[in-house]
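Each remark here refers to the structure printed beneath this line.
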Number of protein chains: 2
Amino acid sequence: MLQAGDVEVRPEEFVALADGRPLSLTVRELSLLTALVERQGKIVAREELYRVVWNEPYRKSDRSVDVYVAKLRHKLGVALPDRQLIHTHFGFGYRLDPGA
Amino acid sequence: MLQAGDVEVRPEEFVALADGRPLSLTVRELSLLTALVERQGKIVAREELYRVVWNEPYRKSDRSVDVYVAKLRHKLGVALPDRQLIHTHFGFGYRLDPGA
DNA sequence: ACCCGTGTTTTACAGGTTCTTCACAGGCGA
DNA sequence: TCGCCTGTGAAGAACCTGTAAAACACGGGT
């Protein structure tokens with residue numbers, strides 16, 4: 001079980017909770033969220049996310065990570081309004097912040 | 001992990017800390033700071049900084065190094081007031097001095 | 001086989017950030 | 001003082017990100 005603030009992930013059960021309420025995520029979305037929660041607070045390179053979630057070498061023209069970050073942001077934004085969980089680090093990647 | 005006085009750099013994590021607090025740097029700024037910290041206390045030729053950070057041959061009319069030294073000085077100055085970290089060596093280059 | 005629904009990947013473009021270059025003011029050494 | 005060097009703001013170029021939508025993949029039902 002992984003936790004980051006109000007977000008809880010149980011990858012083996014294919015479940016993610018926000019404030020205790022279940023999030024309806026697809027496989028990719030859950031996989032990306034898991035990767036981010038496992039690295040919470042740290043800046044994660046887009047390349048690393050791609051390797052871990054997609055399990056294949058990264059092509060720098062690939063925008064999949066960005067697209068799925070947007071999907072996650074949207075669903076997390078609905079579940080936990082007024083919180084900025086996923087931060088962008090320009091030219092590098094993203095970071096999920098547990099706290100406020 | 002690299003350290004120079006109150007400045008700590010972890011290039012692989014894309015992080016730089018001043019007095020333990022994260023600095024918000026761009027890719028180039030972090031790269032230049034890394035090069036200077038790796039050579040702390042030494043006078044580094046503008047040409048060497050250019051080669052290392054920009055990864056291409058140096059044209060003596062190029063002012064990029066100076067511009068980015070100014071950017072770094074400003075951000076470091078905000079984070080660590082009253083300290084002169086980066087020194088100019090006229091006609092040559094720059095030197096980063098580990099904190100007092 | 002075909003259609004449909006769901007999920008994934010790719011594309012396209014708008015908008016934003018960063019980088020480079022220029023210009024000029026001021027500093028430094030001879 | 002003169003000539004060269006450095007500091008730095010500003011402007012446009014170059015590059016990166018957010019996001020909607022199109023294209024694609026695939027399984028289930030008919």
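The values are calculated or read from the model by the stated rules, or taken from the named source; none is laboratory data. Everything numeric in this text was worked out from a predicted model, so none of it was measured. Note that each Cβ is placed from the backbone with ideal geometry, even for glycine, and that neighbours are counted across all protein chains shown.
If only residues of region A:86-98 that are part of a loop (DSSP other than H, G, I, E, B) and within 14 Å of chain B (Cβ to nearest Cβ) are counted, the one that is nearest to A:PRO22 (Cα to Cα) is A:ASP97. Among the residues of region A:43-78, those that are hydrophobic (A, V, I, L, M, F, W, C), over 22 Å from B:THR26 (Cβ atoms) and either within 12 Å of DNA strand D (Cβ to nearest atom) or over 14 Å from the mean Cα position of the chain (by Cα) (or both) comprise A:VAL67, A:ALA70, A:LEU72, A:LEU76, A:VAL78. Taken over region A:74-85, residues that are surrounded by fewer than 18 Cβ atoms within 10 Å (Cβ to Cβ) and not in a helix (DSSP H, G or I) amount to 5. The condition of being farther than 26 Å from A:PRO81 by Cβ, within 14 Å of another protein chain (Cβ to nearest Cβ) and of a type in the set (Lys, Arg) holds for only one of A:ARG51, A:ARG46, A:ARG39, that being A:ARG46.
If you go through region B:29-73 and keep only what is in a loop (DSSP other than H, G, I, E, B) and near DNA strand C (Cβ under 8 Å from one of its atoms), you end up with B:ARG59, B:SER61, B:ASP62, B:ARG63. Taking the criterion of being at pLDDT 95 or above and either of a type in the set (A, V, I, L, M) or over 15 Å from B:GLY91 (Cα atoms) (or both), the residues of region B:56-76 that qualify are B:SER64, B:VAL65, B:VAL67, B:TYR68, B:VAL69, B:ALA70, B:LYS71, B:LEU72, B:ARG73, B:HIS74, B:LYS75, B:LEU76.
Of everything in region B:1-16, what is of a type in the set (A, V, I, L, M, F, W, C) and either buried (at least 16 other Cβ atoms within 10 Å of the Cβ) or under 13 Å from the mean Cα position of the chain (by Cα) (or both)? Give them in sequence order. Of everything in region B:1-16, those that are of a type in the set (A, V, I, L, M, F, W, C) and either buried (at least 16 other Cβ atoms within 10 Å of the Cβ) or under 13 Å from the mean Cα position of the chain (by Cα) (or both) turn out to be B:LEU2, B:ALA4, B:VAL7, B:VAL9, B:PHE14, B:VAL15, B:ALA16.
Go through region A:18-28 and give me each residue that's near DNA strand C (Cβ under 10 Å from one of its atoms), touching a helix residue (DSSP H, G or I) at 6+ places or on another chain (Cβ under 9 Å) and not polar (S, T, N, Q).
First, the residues of region A:18-28 that are near DNA strand C (Cβ under 10 Å from one of its atoms): A:24-28.
Within this subset, residues satisfying the condition of being touching a helix residue (DSSP H, G or I) at 6+ places or on another chain (Cβ under 9 Å) are A:24-26, A:28.
Of everything in region A:18-28, those that are near DNA strand C (Cβ under 10 Å from one of its atoms), touching a helix residue (DSSP H, G or I) at 6+ places or on another chain (Cβ under 9 Å) and not polar (S, T, N, Q) turn out to be A:LEU25, A:ARG28.
Annotation: of all residues in region A:34-73 being closer than 15 Å to A:PRO11 by Cβ and touching a Phe, Trp or Tyr at 6+ places or on another chain (Cβ under 9 Å), the one that is surrounded by the most Cβ atoms within 10 Å (Cβ to Cβ) is A:LEU36.
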